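S.K.: Let me begin by handing over the structure; questions about it come next.
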Amino acid sequence: MISRTERVLNHTVLALVSILVLFPVVWFVFTALSPNRSGQLDLTHLHWENFSTAWELGGFGKAMLASAVITIGAVTGQTLLAILSGFAFGVLGVAGQKVIFPVVLLGLMISAEVFIVPLYYTFQSLGLTNSWLGLIIIQIGMGVPFGTFWMRATFRAVPTSLVEAAEMDGARTWRILWQILLPISRPAVLTLALLSFMWTWNDFFLSLIFIADPAIQPATLALGVFQGRHSVDVNLLAAGSLIVALPVLVLYAFFQRHFIRGVLNGALKE
């Protein structure tokens, strides 16, 4: 049993860590609200209009829409393929999986910079450069290896007796997956979707290579262009950065319990 002294010490350490983590965030928010272009804080005159100014000057309306389309498409594809492949490798068993599964995991080990040039010319020949569809396909391909590993570990942690009982009751493969395994694995699936959303939304490198038209550029590219044009307006840059980061922050705040539960469960699995 934890003594009172240990409990006080634990809470003190957590409070100090929280202050160290939150201080830069609070500073950044007040910088975005600063009336001074240099970013010097003035808490007596907060300029909320900095956000609307940054929104208009940076053209974040179209950019946020582009990011939403790309991210939703990529997350949907990544999650669906991860569930199916994880179920195949973790529950059904695939012929030659001892060879195929390590090959799939190579996607986690190879950096995008290694194959970005041949990938670009391949997509250019297919007419998929400078398009949302091409970027969605690339994001799905890069996200599936991790998703497969994640969902395989999740499904393998489910007791085999549960699957065997469902089979004895006459449940077929699809019913076992969608009505038995997925409800149990909901925290893991939500965690995977949230991680995929965060990685896709925050992507800059692939968007920079494959998207050249400013009319369809995602939010990260729009923020890069905005930074180049308004490098001296620190308050507007901070406001624009918060605008781009807001969807990820909102999703994490809304699903944080599921996210933490999924990560902790994953830490106890293979």
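S.K.: What is the extension gain from residue 254 to residue 3, computed as 0.36 nm multiplied by their sequence separation minus the C-alpha to C-alpha distance, in nm to one decimal?
M.R.: Details: separation 251, 0.36 × 251 = 90.36 nm, distance 3.36 nm.
Fully extending the segment from residue 254 to residue 3 adds 87.0 nm.
S.K.: With the crude spin-label approximation of a point 7 Å out along Cα→Cβ, what separation in nm comes out for residue 174 versus residue 205?
M.R.: Simple spin-label model gives 3.9 nm for this pair.
S.K.: What do you get for the angle between helix 186-201 and the principal long axis of the chain? Use alpha-carbon atoms, 0 to 90 degrees, nearest ten.
M.R.: Tilt relative to the chain: about 40 degrees.
S.K.: What's the carbon and sulfur percent of the chain's accessible surface, probe 1.4 angstrom, rounded to a whole number?
M.R.: Working: 10890 of 15900 Å².
Carbon and sulfur atoms account for 68 percent of the accessible area of the chain.
S.K.: How do 148-157, 202-211 rank on mean C-beta neighbours within 10 Å, highest first? Walk me through the numbers on the way to the answer.
M.R.: Working: 148-157: 22.2, 202-211: 17.7.
Top of the packing list down: 148-157, 202-211.
S.K.: Could I ask something else about it? Evaluate the distance, in nm, between pseudo-label points positioned 7 Å from the Cα of residue 162 and of residue 113 along their respective Cα→Cβ axes.
M.R.: 4.2 nm
S.K.: Given a Förster distance of 25 angstrom, what is the FRET efficiency for residue 225 paired with residue 28, based on the Cβ-Cβ distance and rounded to 0.05? Spell out each step's value before the answer.
M.R.: Details: r = 20 Å, r/R0 = 0.82.
Efficiency for this residue pair is about 0.75.
S.K.: Next question, about the same structure. Show me the ranking of peptides 78-87, 177-186 by mean Cβ neighbours inside 10 Å, starting with the highest. Spell out each step's value before the answer.
M.R.: Working: 78-87: 21.5, 177-186: 16.0.
Going from most to least packed, we get 78-87, 177-186.
S.K.: Across bins of 10 angstrom width beginning at 0, how are the C-alpha pair distances of the chain distributed, in whole percent?
M.R.: 6, 22, 26, 23, 16, 6, 1, 0
The values are calculated or read from the model by the stated rules, or taken from the named source; none is laboratory data. Keep in mind the model is a prediction, meaning the values are calculated, not measured. Glycine gets a Cβ as well: all are built from the backbone with ideal geometry, and neighbour counts include every protein chain shown. Ligands, DNA and RNA are excluded from the accessible area calculation, which covers all protein heavy atoms including side chains. Shrake-Rupley method; radii C 1.70, N 1.55, O 1.52, S 1.80 Å.
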